[in-house]
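What follows is a set of notes on a single structure, which appears directly below.
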Amino acid sequence: MSRTIPSQPGAPAPVADEGNPRRWAIMAVLGAVAFMAQLDFFIVNVALDGIGRSFPGSPESLVSWVLSAYAIVFAAVLVPAGRLADQFGRKRVLLLGVAVFTAASAVASFAPALGVLVAARAVQAVGAAMIVPTSLGLLYPSFPKRQHTLVVGIWAGVAAIAGSAGPPVGGLLVTADWRWIFLINLPIGVVTIVAGALVLPEVRQPAGTRLPDAASAVALLLSVSLLVLATVEGPEWGWASGRTLGLFAAAVVFAAVTLQRTLHAASPVIEKELFRSRQFSAASVALLLYFTGFSIFLLGGALFMQNVWHFSALRAGIGIAPAPIASVGFALNAGPIQARLGRTIPAVVGTIAMTAAAVYWLAMVSGGSSDYWVGIFPGLVIMGVSGGLSQAPMFAAAGTLPPDRATTGSAVLNMGRQVGSALGVALLVALTAKSESVSGFDHAWAVQAGAGAAAAASLFFLRPRPSATRAG
(Lines give C-alpha, C1' and ligand atoms only; values in the text may rest on other atoms or scores of the structure.)
Protein backbone atom coordinates (compact mmCIF):
# COMPACT_ATOMS: atom_id res chain seq x y z
CA MET A 1 0.00 0.00 0.00
CA SER A 2 1.30 3.48 -0.83
CA ARG A 3 1.18 6.29 1.70
CA THR A 4 -0.46 9.63 1.12
CA ILE A 5 1.97 12.43 1.89
CA PRO A 6 0.31 15.80 2.43
CA SER A 7 2.41 18.55 0.91
CA GLN A 8 2.77 21.48 3.29
CA PRO A 9 3.42 24.86 1.66
CA GLY A 10 7.06 25.88 1.99
CA ALA A 11 8.12 22.79 3.92
CA PRO A 12 9.40 19.35 2.86
CA ALA A 13 7.13 16.36 3.04
CA PRO A 14 7.53 14.29 6.21
CA VAL A 15 9.56 11.56 4.52
CA ALA A 16 11.95 13.94 2.74
CA ASP A 17 14.72 13.64 5.36
CA GLU A 18 14.95 9.86 5.08
CA GLY A 19 13.52 9.22 1.65
CA ASN A 20 11.19 6.45 0.59
CA PRO A 21 12.69 2.96 1.07
CA ARG A 22 11.57 2.11 -2.47
CA ARG A 23 12.93 5.34 -3.95
CA TRP A 24 15.02 3.73 -6.70
CA ALA A 25 12.05 1.66 -7.87
CA ILE A 26 10.09 4.91 -7.90
CA MET A 27 12.89 6.51 -9.94
CA ALA A 28 12.74 3.67 -12.47
CA VAL A 29 8.97 3.99 -12.94
CA LEU A 30 9.02 7.78 -13.20
CA GLY A 31 11.99 7.76 -15.55
CA ALA A 32 10.27 5.25 -17.84
CA VAL A 33 7.01 7.19 -18.15
CA ALA A 34 8.79 10.54 -18.57
CA PHE A 35 10.97 9.04 -21.32
CA MET A 36 7.93 7.64 -23.11
CA ALA A 37 6.00 10.92 -22.97
CA GLN A 38 8.90 13.15 -24.08
CA LEU A 39 10.10 10.78 -26.80
CA ASP A 40 6.84 11.11 -28.71
CA PHE A 41 7.32 14.78 -29.51
CA PHE A 42 10.25 14.08 -31.85
CA ILE A 43 9.88 10.40 -32.73
CA VAL A 44 7.13 11.09 -35.27
CA ASN A 45 9.20 13.56 -37.32
CA VAL A 46 10.90 10.96 -39.47
CA ALA A 47 7.61 9.11 -40.04
CA LEU A 48 5.62 11.90 -41.70
CA ASP A 49 6.38 10.76 -45.24
CA GLY A 50 5.25 7.21 -44.44
CA ILE A 51 2.10 8.48 -42.72
CA GLY A 52 1.26 10.63 -45.73
CA ARG A 53 1.63 7.65 -48.07
CA SER A 54 -0.70 5.57 -45.88
CA PHE A 55 -3.48 8.10 -46.38
CA PRO A 56 -3.30 8.95 -50.12
CA GLY A 57 -4.93 12.19 -51.14
CA SER A 58 -4.35 13.82 -47.76
CA PRO A 59 -2.87 17.31 -48.12
CA GLU A 60 0.54 17.86 -46.57
CA SER A 61 -0.89 20.63 -44.39
CA LEU A 62 -3.20 18.07 -42.74
CA VAL A 63 -0.43 15.49 -42.34
CA SER A 64 1.65 18.08 -40.48
CA TRP A 65 -1.08 18.22 -37.82
CA VAL A 66 0.15 14.84 -36.59
CA LEU A 67 3.01 16.90 -35.15
CA SER A 68 1.18 20.17 -34.54
CA ALA A 69 -1.70 18.73 -32.53
CA TYR A 70 0.70 17.14 -30.06
CA ALA A 71 2.84 20.28 -29.75
CA ILE A 72 -0.11 22.63 -29.18
CA VAL A 73 -2.05 20.53 -26.68
CA PHE A 74 1.03 19.42 -24.72
CA ALA A 75 2.26 22.98 -24.25
CA ALA A 76 -1.17 24.33 -23.32
CA VAL A 77 -2.18 21.65 -20.80
CA LEU A 78 1.11 21.29 -18.87
CA VAL A 79 0.60 23.94 -16.18
CA PRO A 80 -3.10 23.29 -15.44
CA ALA A 81 -2.33 19.56 -15.24
CA GLY A 82 0.51 20.26 -12.81
CA ARG A 83 -1.70 22.34 -10.53
CA LEU A 84 -4.46 19.73 -10.56
CA ALA A 85 -1.91 17.04 -9.70
CA ASP A 86 -0.87 19.03 -6.63
CA GLN A 87 -4.53 19.42 -5.69
CA PHE A 88 -5.92 15.92 -6.27
CA GLY A 89 -2.82 13.74 -5.92
CA ARG A 90 0.28 13.42 -8.05
CA LYS A 91 0.20 9.63 -8.21
CA ARG A 92 -3.46 9.61 -9.22
CA VAL A 93 -2.95 12.18 -11.99
CA LEU A 94 0.23 10.51 -13.26
CA LEU A 95 -1.32 7.04 -13.53
CA LEU A 96 -4.41 8.52 -15.19
CA GLY A 97 -2.10 10.33 -17.61
CA VAL A 98 -0.26 7.09 -18.46
CA ALA A 99 -3.61 5.38 -19.07
CA VAL A 100 -4.78 8.21 -21.35
CA PHE A 101 -1.47 8.24 -23.21
CA THR A 102 -1.48 4.46 -23.67
CA ALA A 103 -5.09 4.33 -24.86
CA ALA A 104 -4.47 7.17 -27.32
CA SER A 105 -1.35 5.37 -28.58
CA ALA A 106 -3.49 2.29 -29.28
CA VAL A 107 -5.98 4.37 -31.26
CA ALA A 108 -3.15 6.07 -33.18
CA SER A 109 -1.52 2.75 -34.08
CA PHE A 110 -4.74 1.43 -35.63
CA ALA A 111 -6.06 4.74 -36.98
CA PRO A 112 -8.14 4.08 -40.13
CA ALA A 113 -8.07 7.72 -41.24
CA LEU A 114 -5.75 10.68 -40.86
CA GLY A 115 -8.30 12.64 -38.85
CA VAL A 116 -8.47 9.84 -36.30
CA LEU A 117 -4.67 9.84 -36.03
CA VAL A 118 -4.55 13.61 -35.45
CA ALA A 119 -7.26 13.39 -32.78
CA ALA A 120 -5.40 10.52 -31.07
CA ARG A 121 -2.22 12.60 -31.05
CA ALA A 122 -4.08 15.45 -29.31
CA VAL A 123 -5.34 13.04 -26.64
CA GLN A 124 -1.83 11.58 -26.33
CA ALA A 125 -0.58 15.08 -25.58
CA VAL A 126 -3.10 15.47 -22.74
CA GLY A 127 -1.75 12.28 -21.20
CA ALA A 128 1.84 13.43 -21.67
CA ALA A 129 1.07 16.77 -20.01
CA MET A 130 -0.28 14.88 -16.99
CA ILE A 131 2.85 12.70 -16.84
CA VAL A 132 5.89 14.93 -17.34
CA PRO A 133 5.64 17.54 -14.54
CA THR A 134 3.98 15.10 -12.14
CA SER A 135 6.84 12.63 -12.47
CA LEU A 136 9.30 15.25 -11.22
CA GLY A 137 6.87 16.31 -8.50
CA LEU A 138 6.84 12.76 -7.16
CA LEU A 139 10.63 12.48 -7.08
CA TYR A 140 11.30 15.20 -4.54
CA PRO A 141 9.41 13.74 -1.57
CA SER A 142 10.69 10.24 -2.37
CA PHE A 143 14.38 11.12 -1.96
CA PRO A 144 16.30 12.81 0.87
CA LYS A 145 17.24 16.41 0.17
CA ARG A 146 20.94 15.55 -0.21
CA GLN A 147 20.07 13.40 -3.26
CA HIS A 148 17.78 15.88 -5.00
CA THR A 149 20.49 17.15 -7.34
CA LEU A 150 21.40 13.59 -8.30
CA VAL A 151 17.87 12.38 -9.04
CA VAL A 152 16.76 15.53 -10.83
CA GLY A 153 19.92 15.26 -12.90
CA ILE A 154 18.97 11.70 -13.83
CA TRP A 155 15.37 12.76 -14.60
CA ALA A 156 16.51 15.67 -16.75
CA GLY A 157 19.10 13.43 -18.40
CA VAL A 158 16.28 11.06 -19.36
CA ALA A 159 14.49 14.05 -20.92
CA ALA A 160 17.61 15.00 -22.86
CA ILE A 161 18.14 11.46 -24.13
CA ALA A 162 14.44 11.09 -25.01
CA GLY A 163 14.53 14.21 -27.17
CA SER A 164 17.74 13.26 -28.95
CA ALA A 165 16.71 9.61 -29.37
CA GLY A 166 13.49 10.50 -31.21
CA PRO A 167 14.87 10.47 -34.79
CA PRO A 168 17.04 7.32 -34.38
CA VAL A 169 14.26 5.34 -32.72
CA GLY A 170 11.68 6.65 -35.16
CA GLY A 171 13.91 5.89 -38.12
CA LEU A 172 14.38 2.31 -36.91
CA LEU A 173 10.67 1.66 -36.27
CA VAL A 174 9.43 3.29 -39.46
CA THR A 175 11.39 0.79 -41.56
CA ALA A 176 8.86 -1.81 -40.44
CA ASP A 177 5.76 0.40 -40.31
CA TRP A 178 5.10 3.86 -38.88
CA ARG A 179 2.37 2.35 -36.68
CA TRP A 180 5.09 0.72 -34.56
CA ILE A 181 5.97 4.20 -33.32
CA PHE A 182 2.71 4.11 -31.36
CA LEU A 183 2.45 0.37 -30.74
CA ILE A 184 5.72 0.40 -28.79
CA ASN A 185 4.03 2.56 -26.14
CA LEU A 186 1.42 -0.07 -25.25
CA PRO A 187 3.55 -2.57 -23.28
CA ILE A 188 5.51 0.26 -21.65
CA GLY A 189 2.28 1.95 -20.57
CA VAL A 190 0.69 -1.20 -19.16
CA VAL A 191 3.80 -2.22 -17.22
CA THR A 192 4.31 1.25 -15.74
CA ILE A 193 0.66 1.55 -14.67
CA VAL A 194 0.96 -1.72 -12.74
CA ALA A 195 4.38 -0.87 -11.30
CA GLY A 196 3.32 2.69 -10.46
CA ALA A 197 0.22 1.53 -8.63
CA LEU A 198 2.41 -0.71 -6.47
CA VAL A 199 5.40 1.52 -5.66
CA LEU A 200 4.52 5.20 -6.10
CA PRO A 201 3.57 7.22 -3.01
CA GLU A 202 0.66 9.63 -3.12
CA VAL A 203 1.48 13.33 -2.67
CA ARG A 204 -1.08 16.11 -2.56
CA GLN A 205 -1.81 19.42 -0.92
CA PRO A 206 -3.66 19.39 2.41
CA ALA A 207 -7.44 18.92 2.34
CA GLY A 208 -9.27 22.20 1.93
CA THR A 209 -6.59 23.85 -0.23
CA ARG A 210 -8.14 26.33 -2.66
CA LEU A 211 -8.60 25.13 -6.26
CA PRO A 212 -6.66 27.03 -8.95
CA ASP A 213 -8.40 30.14 -10.28
CA ALA A 214 -10.53 29.07 -13.25
CA ALA A 215 -10.14 32.34 -15.16
CA SER A 216 -6.33 32.19 -15.03
CA ALA A 217 -6.35 28.51 -16.07
CA VAL A 218 -8.58 29.17 -19.10
CA ALA A 219 -6.62 32.29 -20.08
CA LEU A 220 -3.33 30.36 -19.89
CA LEU A 221 -4.72 27.50 -21.97
CA LEU A 222 -5.92 29.91 -24.65
CA SER A 223 -2.79 32.08 -24.69
CA VAL A 224 -0.39 29.15 -25.03
CA SER A 225 -2.49 27.18 -27.51
CA LEU A 226 -3.09 30.23 -29.74
CA LEU A 227 0.59 31.21 -29.59
CA VAL A 228 1.77 27.74 -30.56
CA LEU A 229 -0.94 27.43 -33.23
CA ALA A 230 0.11 30.72 -34.83
CA THR A 231 3.77 29.70 -34.63
CA VAL A 232 3.17 26.26 -36.14
CA GLU A 233 0.88 27.47 -38.95
CA GLY A 234 2.71 30.74 -39.68
CA PRO A 235 4.97 29.22 -42.37
CA GLU A 236 1.93 27.73 -44.14
CA TRP A 237 -0.47 30.67 -43.80
CA GLY A 238 2.13 33.42 -44.11
CA TRP A 239 3.50 35.41 -41.19
CA ALA A 240 1.70 38.57 -42.33
CA SER A 241 -1.65 36.90 -43.03
CA GLY A 242 -4.75 37.99 -41.15
CA ARG A 243 -5.15 34.57 -39.53
CA THR A 244 -1.60 34.47 -38.20
CA LEU A 245 -1.60 38.05 -36.92
CA GLY A 246 -5.04 37.59 -35.41
CA LEU A 247 -3.93 34.51 -33.49
CA PHE A 248 -0.81 36.27 -32.21
CA ALA A 249 -2.93 39.24 -31.12
CA ALA A 250 -5.41 36.99 -29.32
CA ALA A 251 -2.54 35.13 -27.62
CA VAL A 252 -1.18 38.45 -26.33
CA VAL A 253 -4.61 39.42 -24.97
CA PHE A 254 -5.04 36.15 -23.10
CA ALA A 255 -1.43 36.30 -21.89
CA ALA A 256 -2.22 39.71 -20.41
CA VAL A 257 -5.27 38.24 -18.67
CA THR A 258 -3.10 35.41 -17.32
CA LEU A 259 -0.58 37.92 -15.99
CA GLN A 260 -3.31 40.01 -14.38
CA ARG A 261 -4.77 36.96 -12.65
CA THR A 262 -1.26 35.82 -11.60
CA LEU A 263 -0.70 39.15 -9.88
CA HIS A 264 -4.13 39.60 -8.30
CA ALA A 265 -6.12 36.34 -8.08
CA ALA A 266 -6.24 34.49 -4.75
CA SER A 267 -5.06 31.19 -6.26
CA PRO A 268 -3.83 31.70 -9.84
CA VAL A 269 -2.77 28.73 -11.95
CA ILE A 270 0.78 30.22 -12.10
CA GLU A 271 1.69 31.81 -8.79
CA LYS A 272 3.96 34.85 -8.80
CA GLU A 273 5.92 33.33 -5.90
CA LEU A 274 7.46 30.86 -8.37
CA PHE A 275 9.51 33.63 -9.94
CA ARG A 276 11.03 34.86 -6.71
CA SER A 277 13.68 32.22 -7.38
CA ARG A 278 16.24 33.78 -9.73
CA GLN A 279 17.41 30.34 -10.84
CA PHE A 280 13.87 29.29 -11.71
CA SER A 281 13.23 32.52 -13.64
CA ALA A 282 16.51 32.12 -15.55
CA ALA A 283 15.81 28.48 -16.35
CA SER A 284 12.29 29.27 -17.61
CA VAL A 285 13.65 31.81 -20.10
CA ALA A 286 16.68 29.71 -21.02
CA LEU A 287 14.66 26.55 -21.72
CA LEU A 288 12.45 28.40 -24.20
CA LEU A 289 15.50 29.81 -25.99
CA TYR A 290 17.52 26.60 -25.81
CA PHE A 291 14.78 24.39 -27.23
CA THR A 292 14.16 26.82 -30.05
CA GLY A 293 17.68 25.96 -31.19
CA PHE A 294 17.59 22.33 -30.07
CA SER A 295 14.49 21.54 -32.15
CA ILE A 296 16.12 23.20 -35.17
CA PHE A 297 19.09 20.86 -34.70
CA LEU A 298 17.04 17.74 -34.11
CA LEU A 299 14.48 18.05 -36.88
CA GLY A 300 16.79 20.00 -39.16
CA GLY A 301 19.54 17.40 -38.95
CA ALA A 302 17.19 14.60 -40.00
CA LEU A 303 15.64 16.70 -42.78
CA PHE A 304 19.02 17.84 -44.06
CA MET A 305 20.32 14.31 -44.37
CA GLN A 306 17.12 13.15 -46.09
CA ASN A 307 16.42 16.14 -48.36
CA VAL A 308 19.96 17.26 -49.24
CA TRP A 309 22.06 14.13 -48.90
CA HIS A 310 19.13 11.80 -49.74
CA PHE A 311 19.56 9.46 -46.78
CA SER A 312 16.74 7.03 -46.02
CA ALA A 313 14.68 7.63 -42.85
CA LEU A 314 16.57 4.82 -41.11
CA ARG A 315 19.98 6.09 -42.21
CA ALA A 316 19.11 9.65 -41.17
CA GLY A 317 17.89 8.42 -37.80
CA ILE A 318 21.09 6.47 -37.23
CA GLY A 319 23.04 9.48 -38.46
CA ILE A 320 21.61 11.60 -35.61
CA ALA A 321 22.44 8.89 -33.02
CA PRO A 322 25.89 10.22 -31.96
CA ALA A 323 24.16 13.14 -30.22
CA PRO A 324 22.10 11.07 -27.72
CA ILE A 325 25.01 8.66 -27.25
CA ALA A 326 27.34 11.53 -26.37
CA SER A 327 24.76 13.05 -24.02
CA VAL A 328 24.35 9.89 -21.92
CA GLY A 329 27.64 10.16 -20.04
CA PHE A 330 27.10 13.81 -19.12
CA ALA A 331 23.43 13.29 -18.25
CA LEU A 332 24.10 10.37 -15.91
CA ASN A 333 26.82 12.37 -14.17
CA ALA A 334 24.73 15.53 -13.88
CA GLY A 335 24.53 15.20 -10.09
CA PRO A 336 28.32 15.05 -9.47
CA ILE A 337 28.91 17.78 -12.07
CA GLN A 338 26.42 20.11 -10.37
CA ALA A 339 27.76 19.25 -6.91
CA ARG A 340 31.22 20.35 -8.04
CA LEU A 341 30.42 23.27 -10.36
CA GLY A 342 26.90 24.36 -9.40
CA ARG A 343 23.96 24.72 -11.77
CA THR A 344 24.97 27.83 -13.69
CA ILE A 345 28.36 26.84 -15.12
CA PRO A 346 27.32 23.49 -16.70
CA ALA A 347 24.15 25.06 -18.11
CA VAL A 348 26.03 28.01 -19.61
CA VAL A 349 28.74 25.77 -21.08
CA GLY A 350 26.07 23.44 -22.50
CA THR A 351 24.09 26.23 -24.15
CA ILE A 352 27.26 27.74 -25.63
CA ALA A 353 28.12 24.26 -26.98
CA MET A 354 24.89 24.37 -29.02
CA THR A 355 26.11 27.61 -30.57
CA ALA A 356 29.50 26.01 -31.26
CA ALA A 357 27.87 23.07 -33.06
CA ALA A 358 25.84 25.41 -35.28
CA VAL A 359 28.90 27.51 -36.09
CA TYR A 360 30.80 24.34 -37.01
CA TRP A 361 28.06 23.30 -39.47
CA LEU A 362 27.93 26.80 -40.93
CA ALA A 363 31.66 26.66 -41.55
CA MET A 364 31.94 23.07 -42.78
CA VAL A 365 28.67 22.14 -44.49
CA SER A 366 27.89 25.56 -45.95
CA GLY A 367 31.50 25.62 -47.04
CA GLY A 368 30.85 22.68 -49.32
CA SER A 369 31.59 19.54 -47.29
CA SER A 370 29.35 16.59 -48.16
CA ASP A 371 31.25 14.15 -45.97
CA TYR A 372 29.17 13.00 -42.96
CA TRP A 373 32.19 12.26 -40.77
CA VAL A 374 33.81 15.62 -41.44
CA GLY A 375 30.78 17.84 -42.05
CA ILE A 376 28.12 16.62 -39.61
CA PHE A 377 29.53 14.14 -37.09
CA PRO A 378 31.71 16.49 -34.98
CA GLY A 379 28.81 18.89 -34.54
CA LEU A 380 26.57 16.02 -33.40
CA VAL A 381 29.08 15.10 -30.69
CA ILE A 382 29.14 18.73 -29.55
CA MET A 383 25.32 18.74 -29.45
CA GLY A 384 25.43 15.61 -27.30
CA VAL A 385 27.69 17.43 -24.86
CA SER A 386 25.29 20.38 -25.00
CA GLY A 387 22.18 18.34 -24.17
CA GLY A 388 23.90 16.32 -21.47
CA LEU A 389 25.39 19.36 -19.72
CA SER A 390 22.64 21.96 -20.00
CA GLN A 391 19.25 20.31 -19.65
CA ALA A 392 19.73 18.71 -16.25
CA PRO A 393 20.62 21.92 -14.38
CA MET A 394 17.88 23.90 -16.14
CA PHE A 395 15.15 21.41 -15.22
CA ALA A 396 16.67 21.06 -11.75
CA ALA A 397 15.70 24.69 -11.12
CA ALA A 398 12.31 23.34 -10.00
CA GLY A 399 14.21 22.14 -6.92
CA THR A 400 14.72 25.75 -5.82
CA LEU A 401 10.96 25.99 -5.19
CA PRO A 402 9.07 24.83 -2.09
CA PRO A 403 8.31 21.08 -2.38
CA ASP A 404 4.57 21.73 -2.68
CA ARG A 405 5.24 23.71 -5.89
CA ALA A 406 7.66 21.29 -7.57
CA THR A 407 5.00 19.90 -9.92
CA THR A 408 3.72 23.32 -10.99
CA GLY A 409 7.29 24.59 -11.37
CA SER A 410 8.21 21.60 -13.51
CA ALA A 411 5.12 22.24 -15.63
CA VAL A 412 6.16 25.86 -16.22
CA LEU A 413 9.67 24.77 -17.22
CA ASN A 414 8.31 22.14 -19.58
CA MET A 415 5.87 24.67 -21.05
CA GLY A 416 8.86 26.85 -21.94
CA ARG A 417 10.51 23.80 -23.46
CA GLN A 418 7.47 23.00 -25.63
CA VAL A 419 6.82 26.57 -26.76
CA GLY A 420 10.48 26.85 -27.71
CA SER A 421 10.34 23.55 -29.58
CA ALA A 422 7.27 24.66 -31.55
CA LEU A 423 8.94 27.98 -32.37
CA GLY A 424 12.10 26.22 -33.53
CA VAL A 425 10.21 23.82 -35.79
CA ALA A 426 8.21 26.70 -37.29
CA LEU A 427 11.36 28.71 -37.96
CA LEU A 428 13.06 25.68 -39.50
CA VAL A 429 10.14 25.05 -41.85
CA ALA A 430 9.97 28.72 -42.81
CA LEU A 431 13.72 28.95 -43.49
CA THR A 432 14.22 25.69 -45.35
CA ALA A 433 10.90 25.40 -47.24
CA LYS A 434 11.69 21.90 -48.51
CA SER A 435 15.11 23.07 -49.63
CA GLU A 436 17.10 20.45 -51.49
CA SER A 437 20.32 22.42 -51.10
CA VAL A 438 22.32 23.74 -48.17
CA SER A 439 20.72 27.15 -48.66
CA GLY A 440 18.04 27.54 -46.00
CA PHE A 441 19.60 25.12 -43.56
CA ASP A 442 22.51 27.51 -43.06
CA HIS A 443 20.00 30.21 -42.03
CA ALA A 444 18.42 27.75 -39.60
CA TRP A 445 21.82 26.94 -38.10
CA ALA A 446 22.45 30.66 -37.67
CA VAL A 447 19.21 30.91 -35.67
CA GLN A 448 20.32 27.89 -33.62
CA ALA A 449 23.60 29.63 -32.85
CA GLY A 450 21.79 32.76 -31.73
CA ALA A 451 19.36 30.79 -29.57
CA GLY A 452 22.22 29.08 -27.74
CA ALA A 453 24.00 32.36 -27.10
CA ALA A 454 20.80 34.02 -25.84
CA ALA A 455 20.08 31.08 -23.52
CA ALA A 456 23.60 31.29 -22.10
CA ALA A 457 23.22 35.03 -21.54
CA SER A 458 19.91 34.63 -19.71
CA LEU A 459 21.41 31.98 -17.42
CA PHE A 460 24.47 34.09 -16.70
CA PHE A 461 22.75 37.39 -16.04
CA LEU A 462 19.93 35.86 -13.99
CA ARG A 463 22.23 33.62 -11.95
CA PRO A 464 21.65 33.70 -8.17
CA ARG A 465 23.57 36.21 -6.12
CA PRO A 466 26.71 34.71 -4.50
CA SER A 467 25.35 35.47 -1.04
CA ALA A 468 22.14 33.57 -1.76
CA THR A 469 23.67 30.25 -2.70
CA ARG A 470 26.97 28.55 -3.31
CA ALA A 471 25.48 26.12 -5.80
CA GLY A 472 24.66 28.47 -8.65
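Scan the range 77-91 and report the pairs whose first residue is in a helix (DSSP H, G or I) and crowded, with 24+ Cβ neighbours inside 10 Å and whose second residue is modelled with pLDDT of 90 or more and hydroxyl-bearing (Ser, Thr, Tyr), with Cβ atoms within less than 7 Å and a gap of 6+ or a chain change.
As it stands, the answer is Gly82/Thr134; Ala85/Thr134; Arg90/Thr134, since those pairs meet every condition given.
Can you pull out the helices (runs of 4 or more DSSP H) entirely within the range 317-407 that have at least 1 residues that are within 16 Å of Phe291 (Cβ to Cβ) and in the same structural domain as Phe275 (by TED's automatic domain parsing)?
Because the criterion is at least 1 residues that are within 16 Å of Phe291 (Cβ to Cβ) and in the same structural domain as Phe275 (by TED's automatic domain parsing), the helices (runs of 4 or more DSSP H) in the range 317-407 that meet it are 322-332, 344-364, 377-395.
Within the range 198-208, identify whether any single residue is among the hydrophobic types (A, V, I, L, M, F, W, C) and either assigned to a helix (DSSP H, G or I) or not assigned by TED's automatic domain parsing to the domain that holds Ser410 (or both), and answer yes or no.
Yes, the range 198-208 contains a residue that is among the hydrophobic types (A, V, I, L, M, F, W, C) and either assigned to a helix (DSSP H, G or I) or not assigned by TED's automatic domain parsing to the domain that holds Ser410 (or both).
Residues are listed down the side, and each one gets a yes or a no for (1) under 30 Å from Val29 (Cα atoms); (2) surrounded by fewer than 16 Cβ atoms within 10 Å (Cβ to Cβ):
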{"site": "Val199", "(1), (2)": "yes, no"}
{"site": "Ser225", "(1), (2)": "yes, no"}
{"site": "Gly234", "(1), (2)": "no, no"}
{"site": "Val252", "(1), (2)": "no, yes"}
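Those residues that are out of contact with any Ser or Thr (no Cβ under 8 Å at 6 or more places or on another chain) and either touching a residue at least 60 places away in the same chain (Cβ under 8 Å) or among the aliphatic types (A, V, I, L, M) (or both), I need them from the range 199-223; list them, please.
Ala207, Thr209, Ala214, Ala215, Ala217, Val218, Leu221, Leu222
Looking only at residues that are under 18 Å from Pro168 (Cβ atoms) and either over 19 Å from the mean Cα position of the chain (by Cα) or not aliphatic (A, V, I, L, M) (or both) in the range 379-390, which one is surrounded by the fewest Cβ atoms within 10 Å (Cβ to Cβ)?
Ranking the qualifying residues of the range 379-390, first place goes to Val381.
Pick from the range 1-46 the residues that are assigned to a loop (DSSP other than H, G, I, E, B) and modelled with pLDDT of 75 or more: which of them is farthest from Ala122 (Cα to Cα)?
Pro21
Residues are listed down the side, and each one gets a yes or a no for (1) farther than 16 Å from Gln38 by Cβ; (2) touching a Gly at 6+ places or on another chain (Cβ under 8 Å); (3) in contact (Cβ under 8 Å) with a residue 60 or more places away in the chain:
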| position | (1), (2), (3) |
| --- | --- |
| Ala125 | no, no, no |
| Met130 | no, yes, no |
| Thr134 | no, yes, yes |
| Gly137 | no, yes, yes |
| Ser142 | yes, yes, yes |
| Leu150 | yes, yes, yes |
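Which residue out of Ser386, Ser370, Ser410 is at pLDDT below 95, within 17 Å of Ala321 (Cα to Cα) and of a type outside the set (A, V, I, L, M)?
Sole residue among the options that is at pLDDT below 95, within 17 Å of Ala321 (Cα to Cα) and of a type outside the set (A, V, I, L, M): Ser386.
Restricting to the range 111-123, count the residues that are under 22 Å from the mean Cα position of the chain (by Cα) and either surrounded by fewer than 24 Cβ atoms within 10 Å (Cβ to Cβ) or closer than 16 Å to Leu39 by Cβ (or both).
Going through the range 111-123 one residue at a time, the tally reaches 6.
Only one residue in Ala108, Ala34, Ala104 is without any contact (Cβ under 8 Å) to a residue 24 or more places away in the chain, buried (at least 23 other Cβ atoms within 10 Å of the Cβ) and under 20 Å from Thr192 (Cα atoms), so which one is that?
Selected residue: Ala104, the only one of Ala108, Ala34, Ala104 that is without any contact (Cβ under 8 Å) to a residue 24 or more places away in the chain, buried (at least 23 other Cβ atoms within 10 Å of the Cβ) and under 20 Å from Thr192 (Cα atoms).
Right, Ser370: farther than 24 Å from Ser421 by Cβ and of a type in the set (Ser, Thr, Tyr) or not?
In short, yes.
Are there any pairs with C-beta distances below 6 angstrom linking a residue in the range 48-66 that is free of Cβ contacts under 8 Å to residues at least 12 places away in the same chain to a residue that is surrounded by 11 or more Cβ atoms within 10 Å (Cβ to Cβ) and part of a helix (DSSP H, G or I), with the two at least 6 apart or on different chains, and if so which?
Partner pairs satisfying both residue conditions: Gly52/Val63.
Out of (1) assigned to a helix (DSSP H, G or I); (2) farther than 26 Å from Ala455 by Cβ, the odd one out for Ser267 is which?
(1)
The values are calculated or read from the model by the stated rules, or taken from the named source; none is laboratory data. Because the structure is predicted, anything quoted here is derived from the model rather than measured. Here the Cβ is made from the backbone with ideal geometry for all residues, glycine too, and neighbour counts use every protein chain on show.
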